[in-house]
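Working notes for the structure below.
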Amino acid sequence: MATAEARPIDERVRRVGLGSRLLGRPEVGAIIGAALVWIVFAVWAGDRGFTSVAGTATILNVAAQVGIVASAVALLMIAGEFDLSVGSVVGAAGMVVAIGVGEFGLPVWLTVLMAIGLGLAIGFINGYIVIRTRLPSFIVTLGMLLILRGLTIGITRAITARTQVGGLAPAIDADPIAGIFTARFGNFPVAILWWIGLALVATYVLLRTPFGNWIYGAGGSAVAARNLGVPVARVKIMLFMATAASAALLAVIQVLSVGSGDVLRGQDKEFEAIITAVIGGTLLTGGYGSAIGAIFGALTLGMTRQGLFFAGVPGDWYLAILGVLLLLAVIINNYIRQRATRTRS
Amino acid sequence: MKTPRWAAGLVALGLILAACGAQQATSTGGADGDGESAERDMRIVVVTHGQASDPFWSVVVNGVNQARDDLGIEVEYNAPQGDDFDVVAMAQLIDTAVASEPDGLVISNPDPSGLEAAIQGALDAGIPVLSINSGSDVYADLGLLTHIGQTEFEAGVGAGERMAAAGVTNTLCVNQEVGNVALDLRCQGFAEGLGGIPSRVVAVDLSDATGAQAGIQAELAGDPTIDGILTLGPTGAAPALLALEGNDAVQLATFDLSPEVLTAIDEGRMLFAIDQQQYLQGYLGVSVMALYVQYGLLPGGGDIIRTGPGFVTPDNAAQVIELSSEGIR
């Protein structure tokens, strides 16, 4: 007995059970949670259309709306930063398209480029201010949230004397590239492909490229990462730009699909995106998280929002249930992470 | 050792969701009371653009719920969450409603171009749809059963007729939201209803009450023969009331209700207010749909069912104040 323990195995090559290894992944909680939420609603509201093709399509559509933003937000949070201006970027970029097409008669493709360009610029400003002032990104982007929303309302009213610009449908239908953002396959809008595609790209970047390691490094310990030669400032600024650009992409998809834009579009999206990333297993403090998890976070959000509808629960209760889900997800993820770090020690 | 803690979390989630389900089951308890089984099986979904904080829509919901209880059917009400009008979220709710295969769908239609695809999806799925509150100009083209609401022009005509009966000779129509087509229609109807008595449209700024008050006072000073003013909403009525303080020669009336408007009518400082009686929009929306689903009955062959104008005058203002505290006006 004693001889067997005489030479302990080096902890770095210690065999770890499959279960523990799985629990070490940040997205596992989100996957199990999403499956569980689906089962609950499938049993509860399966006969009301929750599991039907059309029902699945609306769930995926709702998930895609937040998911398009959430994978970039997850990377940014892993790098240790917040972006609260996401929702305002959706509103501002949407009005660029709506006013550009509706008031100035610009071609749709040009306004799309302008909207994405606006997103990149706002992201750069966010990142530059955060890096240069070393202020918490929470405050910097909160300021940007208010500035952008106010500018959007003010400029829109000044130009159009309205707060909602519609009637874009003819121009959109005539545009050669609008279909990239508005196509539908049966009940399934192309936004779902954008969502999954962006999440896969984000996952590849995070797990298979040096840039991904830098993201983890920048969020885990920025000082240590900088000492190791990681360009922390550049990484963070690029992630701010990616986040705002993905918000602009969402705005483009929304405005082109609906044929109108209004100044309040995208409100609360910043919180939905953060909720999605957190349910997906990303830590608020940075250094740990997953873009795949954000897919399942978005799915959970979509299933909860639409599932309650299928189950016949009045929409009044949605926010309360979302809050409970968020707390549960954080508690469970926290527990998993502690287990994961324990297996390594 | 990991499973028990896990299971606890999962069970908690299940319990929470189940609890919400139980809550819902009791809140639609009226369904189990009486009525034929055919009625019990019916399920109608209502999707509007009403904001949670808007007292107007609470009244609509109260009408919906009363119809649900009276008819003993299953009715679900939904509107986009949050405090802004979000046509994207509303279209998704309609898509979801369609996927849940209700027997009938009642919607409001504030942005026809944004909701067109979702509405078409419902019709393609063979679900009867009617609109309430907004969308009176497009419901027929979309192929909806009917529209239940106030038509602005006709309501304006009603206001003009009442104003003429009060003996006015020269009037103003105060528009606080220039560019809103519905408000233009109200002024046009007003002019029609006055039947030849002159009426001039005055534009004021919704967000600048002091400026609006000054503007109305300037109009009155410039043309002392004006003895009737119609404002198109409480945000126009409030500055008009201030502008007319101590001036009994001018009759004032307004569209839509607010506590200030009701008090002013009760005290005799205003002639009347036009109420679109949105409780009826909720109640009739559900009832008309239920009758159509069950028996194929449709009033007036699908013409607009008008819930307004209802007039609040000094005679009934006290009753309206009481009903508005109960969420019916």
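The values are calculated or read from the model by the stated rules, or taken from the named source; none is laboratory data. In this text, all values refer to a predicted model and were calculated from it rather than measured experimentally. Positions of Cβ are backbone-derived with ideal geometry, glycine not excepted, and every protein chain shown enters the neighbour counts.
Tabulated results
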quantity	calculated
Exclusive hit being among the hydrophobic types (A, V, I, L, M, F, W, C), surrounded by fewer than 24 Cβ atoms within 10 Å (Cβ to Cβ) and closer than 28 Å to B:Asp256 by Cα, set B:Val61, B:Val45, B:Val75	B:Val61
B:Asp303 vs. criteria closer than 19 Å to B:Thr231 by Cβ and surrounded by fewer than 18 Cβ atoms within 10 Å (Cβ to Cβ)	no
Filter result (within 11 Å of another protein chain (Cβ to nearest Cβ) and among the aliphatic types (A, V, I, L, M)) within segment A:304-329	A:Leu308, A:Ala311, A:Val313, A:Leu319, A:Ala320, A:Ile321, A:Leu322, A:Val324, A:Leu325, A:Leu327, A:Leu328, A:Ala329
From the options A:Ala183, A:Ala169, A:Ala174, A:Ala115, residue that is modelled with pLDDT of 95 or more, closer than 13 Å to A:Leu256 by Cβ and not acidic (Asp, Glu)	A:Ala115
Qualifying residues in segment A:205-260 (those that are more than 14 Å from chain B (Cβ to nearest Cβ) and hydroxyl-bearing (Ser, Thr, Tyr)) - the one nearest to A:Phe82 (Cα to Cα)	A:Thr243
Helices (runs of 4 or more DSSP H) wholly inside segment B:180-257 that include at least 3 residues being surrounded by 21 or more Cβ atoms within 10 Å (Cβ to Cβ) and assigned by TED's automatic domain parsing to the domain that holds B:Arg162	B:181-194, B:234-243
Residue within segment A:95-103 that is within 11 Å of chain B (Cβ to nearest Cβ), crowded, with 24+ Cβ neighbours inside 10 Å and closer than 19 Å to A:Arg149 by Cβ present	no
Close pairs from segment A:319-345: first modelled with pLDDT under 85, partner assigned to a helix (DSSP H, G or I) and polar (S, T, N, Q), Cβ under 6 Å, at least 6 apart	A:Thr343/A:Ser20
Considering residues of segment A:149-166 that are of a type outside the set (Val, Ile, Thr) and more than 19 Å from A:Gly259 (Cα to Cα) only, the residue farthest from the other protein chains (Cβ to nearest Cβ)	A:Leu151
Among residues of segment A:27-81, those that are more than 8 Å from every other protein chain (Cβ to nearest Cβ) and on the phi > 0 side of the Ramachandran plot, counted	1
Matching residues, segment B:283-308, being in a helix (DSSP H, G or I), small (Gly, Ala, Ser) and touching a strand residue (DSSP E or B) at 6+ places or on another chain (Cβ under 7 Å)	B:Gly285, B:Ala290
Condition check for A:Trp109: hydrophobic (A, V, I, L, M, F, W, C), out of contact with any strand residue (DSSP E or B) (no Cβ under 7 Å at 6 or more places or on another chain) and within 12 Å of chain B (Cβ to nearest Cβ)	no
Where a residue in segment A:189-205 is of a type in the set (Val, Ile, Thr) and its partner, wherever it lies, is surrounded by fewer than 18 Cβ atoms within 10 Å (Cβ to Cβ), with Cβ under 6 Å and at least six apart	A:Val190/A:Ala183; A:Val205/A:Phe211
Identity of the residue in segment B:283-299, in contact with a helix residue (DSSP H, G or I) (Cβ under 9 Å, 6 or more places away or on another chain) and without any contact (Cβ under 8 Å) to a residue 24 or more places away in the chain, that ends up surrounded by the fewest Cβ atoms within 10 Å (Cβ to Cβ)	B:Leu297
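To keep it simple, each residue is scored yes or no on (1) surrounded by 15 or more Cβ atoms within 10 Å (Cβ to Cβ); (2) over 27 Å from the mean Cα position of the chain (by Cα).
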site	(1), (2)
A:Leu148	yes, no
A:Ala158	no, yes
A:Val165	yes, no
A:Ala169	yes, yes
A:Ala174	no, yes
A:Thr182	yes, no
A:Asn187	yes, no
A:Trp194	yes, no
